Structures are given as C-alpha cells and as structure tokens.
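Okay, so here's the structure we're looking at.
Every number in this text was worked out from the coordinates using simple rules, so none of it is lab data. Just so we're clear, the structure is a prediction, and the values are computed from it rather than from any experiment. Because the Cβ atoms are built from the backbone with ideal geometry, glycine has one as well, and the counts that use them run over all protein chains shown.
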Amino acid sequence: MTLIGMLHHRKDPNTVIKSYAYAVVAMAEGADFIYFTPKSVNFDNQTIEGYEYKNGSWQEKITLFPDVIYNTGSPEKLDVSKDIINQLKETIPFTTVSLGNKWVINERLIKGKEFSNYLIPAKVLKEWTDLTKFLNLYTDVVVKPMDGRKGQGIYFIKTCDKGFIVNKDSQDKTYTKNELKEFFYTLLEENTYIVQPYIISKTKSGLAFDFRLHAQKNGEGKWVITTIYPRIASDCTIVTNINNGGYTNYLLPFLNQEFSEEEAFNIKRTLEYFTLALARHLDELQMLEFSEVIDEIGIDVGLDENQKLWIYEVNWRPGCPPAFYLELDVVRNTIQYAIYLANNHDKVKRDIRQFKKRDMEKRKVPIIAVTGSAGKTTTKSFISSILQTRWNTFESKDYWNRTDHTQIHADLINNNHQAVVLEYGMGFPGVITEHCRIIQPNISVITNVGMAHIGNFDGDIKKIAKAKSELIHGTKQNGILFINKDCENSKLLEIDQFKGKIITTGIKNPADYRAYNVSYAENGMKFKVRLHDKEWSFFIPIYGEHHVYNALNAIAVADYLGFTPPEIKSGLLFRKPPRRLTIYHLKHSITLIDDSVHSTPQGVVAAIDVLKNISPNRKIAVLGRMIGLGDRRVEQYQKIGRYLVKQGIDMVITYGRYAKGIGYEAIDAGLPPENFKHFMDEEAMHEYLLNILQENDTILVKGASIMNMFNTVQFLNSVIGVKE
C-alpha cells in the first residue's frame, strides 16, 4: 500500500484545514497518509514522527519514510529546512515543485518561445524611469509585487489631466508627477514590483474580468482540466481575486451572456486547448531545466477586445474557489497522481531523460564522451575548458566516471547547456555500454588502450580493447570518433563497422592532428600543430608528453566544432584536475610532484618522464601499489623497475603489498641496493623521507587512489613547508 506524506511547515495538522480532505481521500483511494514537518524527519533510521488521521482525529504516529511526498507548506517558511527537503528529494519523489515567482515564470516562457506571444510586456521596477517609460508607452499600467498572492498589493495607474490616478482596493487617489515618484520609491522599499500595460478585459457592463484555468495531473500521470471559470472584479477595481471583492461564475453561462453563441463555443474550446497546451509546455520546460515534473498549475488569462488571450500570471499551487465545491476534485487528482508517481517514479525519470535527449538532438548539442586507460580526466578538462570560452558547457565533475555518476549527470544537464563533456570509466565489460545507454554521445574520444584493470580481463589486452570499443558501438553512428594513432593497442579497437567519421591524433606518426616540436617549458609543455594549413604554437600548464596527447585530443575536438585557434589557445590554459602532476615548491629548494590520484603502468611511466625532465638534481620516486593488474602485475612492475633505471632515477621508495617488486627489478637493472627502500607502514615511510631528503631534491609521489598517497603529499607540504 502506498504511503503518502504531506509535508507542511505547521506542526499541528488541525491548523491546516485541507489536511483533513487529503487524509480522507487517500483513505478512499486505498493509500496510507501521514502528515509531517521537516523537523520530524529522522535520517538515521529513515523514519518520520508525524500524524495519522484515525477514528475522527489526528493521532501521533512514527512511520518509515513515505513512498511519495506532497509538499504543501509555505515555500518561504519551509526554506529554513531546505537541506532536509533536498535530502528527502534524493530518494523520495515529490509531487509538487516550485515554478518560481511571476518573473521567473515569465522569463522561462520567453525562453521557451512557444507561448511568448501571449505574455504581456513586463519589467522589474528598479528606477523611476522604468515606470515613466511604461506610462509614456501605454498610458494605463498595472504595478504588482513579484511574489504577490491572492491579488494583494496590485496598483492600477492611469494617466489623467491632473497627473495620475492610482487605484488600489477600489479606492482612487490622484497624484502629481512628484507625488507619484515619491510614492513609487516608498513602494520599492517594501517589495520588488513589476510593471505591465493594462489589458482591457471587461464585461458588457464594464467590469474587469479574467479566466482562471486550473490543470492537474491525474492517476495516469496525464494532464487534465480541473476547472475553467471566469472571475469578475467588483465595481471600481481591476482586481478579480475573490479575496479582494471579486466573484466567480460558471464558464458557460458567463460566455453565453457576454458573447454570441459561436463566439462562446470558440472561446470555450480555445481556453480548454490553451490550458492543457500551456500545462504540458511548462512541464517540459521544468524537465529540461531541472529534471523535474510539475503536477498542478493555475493560469490567469485575460481576453482583450479583439478576443486575444493574454497571460496575466501562472501559479504553481493555485487555490480552488469553494463556491464550486471542487475541493475534493482537486484533492482526488492530487492523491491519485501521488499514487501514480510512487509506483512509476523510475519510469518518470526515464521519460524525463528521453525528453531531454530528444531536446539535445533537436538543438544538435555536442555530447562528448571520453574514455581510455589513461588521460580521461585531463582530456575531458581540456575539452571543456576550450568549449567554455564560447559555450555554456556541462562538464562531469572531477573524477566522476562511474555509471551511477552518469545517471546523476543526466539529471543535471539542462536546456541551458550548449555542449556536454563526460568521462566514461570502465572496469568490466558492459560498463561503457551502460554509460552510453544513459547518455549517448555523438562525439567520442578514446585516449588510448592500456593495462588499467587488465586483471578483470584475464590479462588479455584484446579484451580491454573490446570493452573500450563499446564506446564506438554506443556512439551515434553518424557521429565522430577520435583515436590515438600512436597507441599500438588502439589498433585493436573495433572501428570497422562505425559509420561515422574517424579522426586521428598523434605525435610520432602521421595523423589528422599531429603535435610536433614538443618540449618542456617553464611550468608546462610547448608544442606546435598545423590547423587549416597554418602553424600554431600552443602551451599547456602541465608537465608531460602524455598530456600533450590529451591536449591534442581537445584541439582536434574543438577545431572540428569550429573553435578558432586563439579560442583553443586560451582554453588550454585550463584549471588542472587536482592531484594530476601538481607541482609544489617546498622549502630548501625541494620540488614535490603530486600525481597521487590514480596509477596505471602507463601513468607511472609518464610520471617518471616528468620527474626526469624537470629535475636538474637528485630524483626520488615514491611509488605505491597499482591495482587491477591481475596476472600481469609482476611483468608490469618489472618494466617499471627497469624504466626507473633507464631514466636515471636516483632513489626508489615503494609502498604497499607487492610494490617492492618494482625496486627489486630496479636493483637488477643497476640501481644501488642502498637507494631502494620498501614500506608497509605509512608513518615509517614518512619518517624515512624526512631523514633522506636533501636540498634541491625532486620527489615524485605516485600511487593508486586506494593507497592514499596524497597523505604523503600533505605530510611533506606541512612538515617541510611550501615555499612562499
């Protein structure tokens, strides 16, 4: 049985009149119902201490978290508990979400375009000239609070011979220009107001009127019209709200009284179509921007003398006129939709993602996915940094590259984003296929195929390449694929059946985009690339030839997307991912290289190259255990040991189980035995480092994230001290 929670800011449900109706209807619909406040939520044991309506009264009850929440309290008063509410939203669907104030909705509809021609011109009032411009243009204007409710605080200002007539609450008052200016600034001290031209929407007898269009989602998750009715203002005012003296009528009698039979029929059909069309449109805009759906709106529209509809305002939680006895209809739709949402939450989320996917396809948004055994994060960061020079770009966060991260990204991407750059990690077969199922790229980059996670693939590099090829198969088949021409293992990628365009990058071999004259520079790397038959020089603020490959991928993607060489050069001066070859200049002229975020044989070799190239004096490598090599571990550790000696590394320190194999092989290759030390204890290793470090040393710290090698970086920074 579905448990519906009604969230309100008031603790006592007896003070919330409508709570009774929701409890009774929930019972009639076969659902359990609990009334609660944010303060009654216990996240430790996933319970709430709320109230259940039973035997004619509200009784305290502790229940597990509800299956769905109807959020009905005052947004302003619930705002103090937004952290609790946001935490609840992470696991529990909410039927009701805020559309924002009048101005936010107005801006959203302008951006959505479809209904923008029904919007009355409006401006947020900040200066006296804002009001005078509207008065000069339209003569008669309406000034109302941006966050107003129930027709309160609305002023009708009319230009007259003596100055201006201001009407509020059926009372007219005449102002001179200076008096109105003084009154205007008094208003702005109290609230934020918007100004609009007055739309003449009057009955035959001269009374102002508008229509309230009330729409909700039903038990099938579909939009239905709850009611449409006219609201007529009392004499001497333009405010139709019943809280300010207005009154309501039934739709058909009103239309038949005010219009011809044919006009009445056409207006009724127009209002019905408009109600559902605008509800769906706002629902879609909410999906695109916030990955949420809405369940209920109230639209106030006017009908001018030419029978053109004008949107006065949209309310995301409209009231219901008691004169029509519609309260139970409203409640029934809400409860039935809550049950539907509880039972179909996953489907609703899938529908939102599919809708957003279709929108991005329609807008031809570049969706760029990066995978590879090494260089994913840096390549992603380079690409995003360049695209951000011109476009609003969504970039996956730091090292978030698991499929559950991609699920989160799917909800965060919205219709403001002009490009999407994602990193797809892979530890087992089928993982990249799942990434692509969640968000399908139309541009893909495979940086290389190496030994990372090879232990999960029976030690077979061909199986690694096959798993990486899932990105090729998962990319839009008319899309673009970028691959590394210098990577021997990338020749194993399954590119034969890809129907899109393949673009190659490289340094050593001819490629579509080739870097040359690669060299170390102060604080980074320099290289050249020919773009459109012209040579361009580039600089990246990170060491290592392997990062030139990453930058080259970004250059190729950006150039394909039409970015200019100056934009590309600017974007390459990016914010480097944390703990990726970060250089610290310590006291006593000691240089510390932090590359502690991840470790693969390919990455260790690249980091050793950096150590060799930037150190003019003694070179010390502190290497932690690598994970996921399986039966290839001994072979890869031996290769690294030999490579350390080949590159002239003076001291080798290893940390963690099996890592000592690196040092033993280095000794066999010629490293003096006294220059190798292995540790299983972090504190002992730190103490040893303090004893052996000398002035002008350069020390590399590299290891798998699970080894927490960053602790060593922090230790050296704090004990030796960073040079000021």
Distance in nm between label sites at Thr389 and Ser589, each 7 Å beyond Cα in the beta-carbon direction?
3.7 nm
Which of the aspartates and glutamates could a cross-linker span from Lys376 if the Cα-Cα distance has to be under 13 Å and same-chain partners fewer than 8 positions apart are dropped?
Glu395, Asp398, Glu423
Under 18 Å from the Cα of Lys181, which aspartates and glutamates turn up, not counting those fewer than eight places away in the same chain?
Glu127, Asp130, Asp140, Asp161, Asp172, Glu189, Glu190
What is the gain in length, in nm to one decimal, between Asp140 and Ala21 on full extension, counting 0.36 nm per residue of separation less the C-alpha to C-alpha distance?
38.6 nm
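When the expected Rg is taken as 2.2 N^0.38 Å, what fraction or multiple of it is the alpha-carbon Rg of segment 3-89? Don't skip to the end; give the middle numbers.
Working: Rg = 12.1 Å, N = 87, 2.2 N^0.38 = 12.0 Å.
Cα Rg divided by the expected 2.2 N^0.38 Å: 1.01.
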If each DSSP helix of 4+ residues adds -39,500 (n - 2.57) and the sum is divided by the residues in the chain, what number results at 222 nm, nearest 500 deg cm²/dmol?
-11000 deg cm²/dmol
Distance in Å, no decimals, from the C-alpha centre of segment 686-721 to the one of segment 634-665 is 17 Å
Rounded to the nearest Å, the spacing of the alpha-carbon centers of segment 567-608 and segment 434-498 is 26 Å
Given the candidates Pro601, Gly670, Ala684, the one whose Cα lies deepest towards the positive end of the charge dipole of segment 576-724, counting +1 at each Lys or Arg C-beta and -1 at each Asp or Glu C-beta, is Pro601
Cα lying deepest toward the dipole's positive end in the chain, options Gln216, Cys436, Ser570, charges on Cβ:
Ser570
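Only loop residues by DSSP count here, and only those with at most 14 other Cβ atoms within 10 Å; note down the chymotrypsin sites (Phe, Trp or Tyr not before Pro) in segment 265-347 that meet that. Walk me through the numbers on the way to the answer.
On the way: sites: Phe265, Tyr273, Phe274, Phe290, Trp310, Tyr312, Trp316, Phe324, Tyr325, Tyr337, Tyr340; in loops: Trp316, Tyr325.
Sparse-neighbourhood loop chymotrypsin sites (Phe, Trp or Tyr not before Pro): Tyr325.
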Say R0 is 30 Å: what FRET efficiency, to the nearest 0.05, do Asn523 and Val719 get from their beta-carbon distance?
0.75
Name the long-range amide H neighbours of Phe33: under 5 Å, sequence gap of 5 or more, or other chain; modelled H, no Pro or chain starts.
Ile4
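Of His585, His281, His409, His547, how do they rank once you tally other Cβ atoms within 10 Å and put the fewest first? Don't skip to the answer; put the middle values down first.
Values: His585 11, His281 16, His409 20, His547 23.
Placing the least packed residue first, the sequence is His585, His281, His409, His547.
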Could you check the spin-label model distance between Asp83 and Lys158? Points 7 Å from the Cα along Cα→Cβ, value in nm.
5.3 nm
Cross-link table Lys89/Lys702; Lys77/Lys204; Lys397/Lys660; Lys468/Lys508; Lys18/Lys349, entries beyond 31 Å C-alpha to C-alpha
Lys89/Lys702; Lys77/Lys204; Lys397/Lys660
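What translational diffusion coefficient, to the nearest whole µm²/s, does segment 364-571 have by Stokes-Einstein, given a Kirkwood radius computed over alpha-carbon pairs, a temperature of 37 °C and 0.692 mPa s viscosity?
On the way: Rh = 17.0 Å.
Diffusion coefficient, whole number: 193 µm²/s.
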Would you mind pulling out the separation of the Cα centroids of segment 63-116 and segment 360-400, in Å?
29 Å
If amide hydrogens are placed 1.01 Å from N in the peptide plane, which non-local residues have theirs closer than 5 Å to the one on Leu119?
Ile311
Give the average over all directions of the projected area of the C-alpha convex hull of the chain, one decimal, in nm².
40.7 nm²
Long-range amide H contacts for Ile590: which residues qualify at under 5 Å (H placed 1.01 Å from N, peptide plane, sequence gap of 5 or more or a different chain)?
Asn696
